[in-house]
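Undergrad: Take this structure, written in structure tokens, and hold onto it; I'll ask about it next.
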Amino acid sequence: MTSAVSRRGFINTAGVAASVCAVGAGPRQAPARVISSGNGAAATERAYQLLLEGADTADAVVAGVGLVEDDPRDTSVGYGGLPNEHGIVELDAAVMHGPSHQCGAVASLQGFRHPAQVALKVMRRTDHVLLVGSGARKFARAHGFVEENLLTDHARRIWLRWKESLSKEDDWLSDEEQEDAAVRDFFLKNSVMTANGSLRFRRPTGTIHCSCLNAAGQMSCTTTTSGMAFKIPGRVGDSPIIGAGLYVDNEVGSCGSTGRGEANLQNQASFAAVELMRGGASPEEAGMEVLRRIAAKTVARLRDQEGRPDFQLSFYVMSKDGEYAGVSMFPGLKFAVTDEQGTRLEPCVALYEAR
Ligand code: GLY
């Protein structure tokens, strides 16, 4: 046993090779490469193309994730993201630029589908790092971003079903005769079987993170999200918090995350992973160590019967030399990579066996 966490269920990762890639002769000879969470294959491809065209690394990742922010099928990011408990979409995002070590972020931003672009503007056109709520909204308006309703009908129906299922004592009644298959599938996909055989819905915390390295050894990263579904209005997750949901040090490497943001906020997880790499850890070792630290610090109410965290969390880690890894608390997740070998999804290495 290590602290309160049972070692039973750990996957033995010894011998599991990190996704090590060809590293050139010198420290700054790495090939261009872009990695992201598994929902980001289009993003890595776009960002990589922009890097080849000579784009700045921050512009490349922000443009890449913009494709996912635009996509209403992804209910964890941008337009079509799941709303807060009042049915209003609130977005968080940050961008960090390795060469200048500058960053910008927005939190609880309503009405603009590209929070990562607004975050980039905060970085470039203010003396600040983080704008929130109505201030972020006014700033986006001032810079000409187009305001719109981000709540799609699909997201609204998911939110409504969640609201109607909260209590038998309130006045919100579900329409049991007209079950919506897409909405039912959503709830099934996001539920886990409990020990007593019932299904428990777990609120999604999907997000997209994207990190890149260009051929000149410059790195940048961004994370953008609609945050935890049905959150308390004003809840800010890890994604817009530098050091929690993303971090890059151009002399060391980059890390970003998807999953339960509170765990990253409590552990400064992305900063920790980069610092572990500074101390000599590989991207996989750094990400796994951060997962172990988070598991050890998880409160009892968020543990399963085996003492493991009952939430999913992933890190996408890349060193300045282009070595990279995706790691997750539990198996089943993939991450996207684009480099000279093309675009592909690779499996995340998991800390624990399947739940
Ligand atoms: N990782 C996304 C969130 O918790 O908001």
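The values are calculated or read from the model by the stated rules, or taken from the named source; none is laboratory data. Just so it is clear, the structure is predicted and the values come from calculations on it, not from any experiment. Using ideal geometry, Cβ is built from the backbone for each residue, glycine included, and neighbour counts are taken over all protein chains shown. Heads up: the accessible areas ignore ligands, DNA and RNA and are worked out on the full protein's heavy atoms, side chains in. Shrake-Rupley method; radii C 1.70, N 1.55, O 1.52, S 1.80 Å.
Undergrad: Being touching a strand residue (DSSP E or B) at 6+ places or on another chain (Cβ under 9 Å) and not in a strand (DSSP E or B) is the filter; apply it to segment 215-232 and report the residue that is farthest from Leu131 (Cα to Cα). Talk me through it step by step, then tell me what you get.
TA: In the first step, residues of segment 215-232 are kept if they are touching a strand residue (DSSP E or B) at 6+ places or on another chain (Cβ under 9 Å); the result is 218-227.
Narrowing the set further to residues that are not in a strand (DSSP E or B) leaves 218, 226-227.
Details: Gln218: 26, Ser226: 16, Gly227: 16 Å.
For segment 215-232, the residue satisfying everything is Gln218.
Undergrad: Oh, and also: Go through segment 298-317 residue by residue and tally those that are touching a helix residue (DSSP H, G or I) at 6+ places or on another chain (Cβ under 6 Å) and within 19 Å of Phe335 (Cβ to Cβ).
TA: 3
Undergrad: If you don't mind, there's one more thing I want to ask. What residue, of Ala300, Ala281, Ala296, is open to solvent by 20 Å² or more (accessible area, probe 1.4 Å), of a type in the set (Gly, Ala, Ser) and modelled with pLDDT under 95?
TA: Result: Ala300 is the single residue among Ala300, Ala281, Ala296 that is open to solvent by 20 Å² or more (accessible area, probe 1.4 Å), of a type in the set (Gly, Ala, Ser) and modelled with pLDDT under 95.
Undergrad: Oh, and also: Just give me the residues in segment 69-114 being part of a strand (DSSP E or B) and open to solvent by 30 Å² or more (accessible area, probe 1.4 Å), in sequence order.
TA: Gln102
Undergrad: Looking at segment 198-208, which of the residues that are part of a strand (DSSP E or B) and surrounded by fewer than 19 Cβ atoms within 10 Å (Cβ to Cβ) is farthest from the ligand (Cβ to nearest atom)?
TA: Within segment 198-208, the match that is farthest from the ligand (Cβ to nearest atom) is Leu199.
Here's the yes/no breakdown for (1) of a type outside the set (Ser, Thr, Tyr); (2) within 15 Å of the ligand (Cβ to nearest atom); (3) farther than 20 Å from Lys334 by Cβ:
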residue	(1), (2), (3)
Ile242	yes, yes, yes
Leu246	yes, yes, no
Ser270	no, yes, no
Met277	yes, no, yes
Ala296	yes, no, yes
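Undergrad: Another question, then. So is Ala286 within 16 Å of the ligand (Cβ to nearest atom), open to solvent by less than 20 Å² (accessible area, probe 1.4 Å) and under 25 Å from His101 (Cβ atoms) or not? Please lay out each step first, then the result.
TA: Working: within 16 Å of the ligand (Cβ to nearest atom): no; open to solvent by less than 20 Å² (accessible area, probe 1.4 Å): yes; under 25 Å from His101 (Cβ atoms): yes.
Here the answer is no, as Ala286 does not meet what is asked.
Undergrad: Identify, please: which residue in segment 115-169 is closer than 15 Å to Gln102 by Cβ and in a loop (DSSP other than H, G, I, E, B) and is, among those, most open to solvent (accessible area, probe 1.4 Å)?
TA: Asp127
Undergrad: Is segment 178-197 home to any residue that is at pLDDT 95 or above, within 29 Å of Ser108 (Cβ to Cβ) and outside any helix (DSSP H, G or I)?
TA: No, because not a single residue in segment 178-197 is at pLDDT 95 or above, within 29 Å of Ser108 (Cβ to Cβ) and outside any helix (DSSP H, G or I).
Undergrad: Of the residues that make up segment 223-240, is at least one away from the ligand (no atom under 14 Å from the Cβ), over 11 Å from the mean Cα position of the chain (by Cα) and either on the phi > 0 side of the Ramachandran plot or surrounded by fewer than 21 Cβ atoms within 10 Å (Cβ to Cβ) (or both)? Let's see the steps before the verdict.
TA: The initial filter retains those residues of segment 223-240 that are away from the ligand (no atom under 14 Å from the Cβ), namely none.
No, segment 223-240 contains no residue that is away from the ligand (no atom under 14 Å from the Cβ), over 11 Å from the mean Cα position of the chain (by Cα) and either on the phi > 0 side of the Ramachandran plot or surrounded by fewer than 21 Cβ atoms within 10 Å (Cβ to Cβ) (or both).
Undergrad: Going by the conditions given, is Arg184 closer than 27 Å to Ser257 by Cα, surrounded by fewer than 19 Cβ atoms within 10 Å (Cβ to Cβ) and out of contact with any strand residue (DSSP E or B) (no Cβ under 8 Å at 6 or more places or on another chain)? Spell out the reasoning first.
TA: Numbers: closer than 27 Å to Ser257 by Cα: no; surrounded by fewer than 19 Cβ atoms within 10 Å (Cβ to Cβ): yes; out of contact with any strand residue (DSSP E or B) (no Cβ under 8 Å at 6 or more places or on another chain): yes.
No; evaluated as a whole, the condition is false for this residue.
Undergrad: Which residue out of Ser254, Ser211 is more than 14 Å from the ligand (Cβ to nearest atom), crowded, with 22+ Cβ neighbours inside 10 Å, under 13 Å from the mean Cα position of the chain (by Cα) and modelled with pLDDT of 95 or more?
TA: Going through Ser254, Ser211 in turn, just one is more than 14 Å from the ligand (Cβ to nearest atom), crowded, with 22+ Cβ neighbours inside 10 Å, under 13 Å from the mean Cα position of the chain (by Cα) and modelled with pLDDT of 95 or more: Ser211.
Undergrad: Could you tell me which residue of segment 85-117 is farthest from the chain's Cα centre (by Cα), considering only residues that are β-branched (Val, Ile, Thr) and closer than 11 Å to Thr224 by Cα?
TA: Among residues in segment 85-117 that are β-branched (Val, Ile, Thr) and closer than 11 Å to Thr224 by Cα, the one farthest from the chain's Cα centre (by Cα) is Val106.
Undergrad: Then there's this: Considering Leu213, Leu199, Leu160, which residue is among the hydrophobic types (A, V, I, L, M, F, W, C), in contact with a helix residue (DSSP H, G or I) (Cβ under 8 Å, 6 or more places away or on another chain) and farther than 26 Å from Phe335 by Cβ?
TA: That would be Leu199, the only listed residue that is among the hydrophobic types (A, V, I, L, M, F, W, C), in contact with a helix residue (DSSP H, G or I) (Cβ under 8 Å, 6 or more places away or on another chain) and farther than 26 Å from Phe335 by Cβ.
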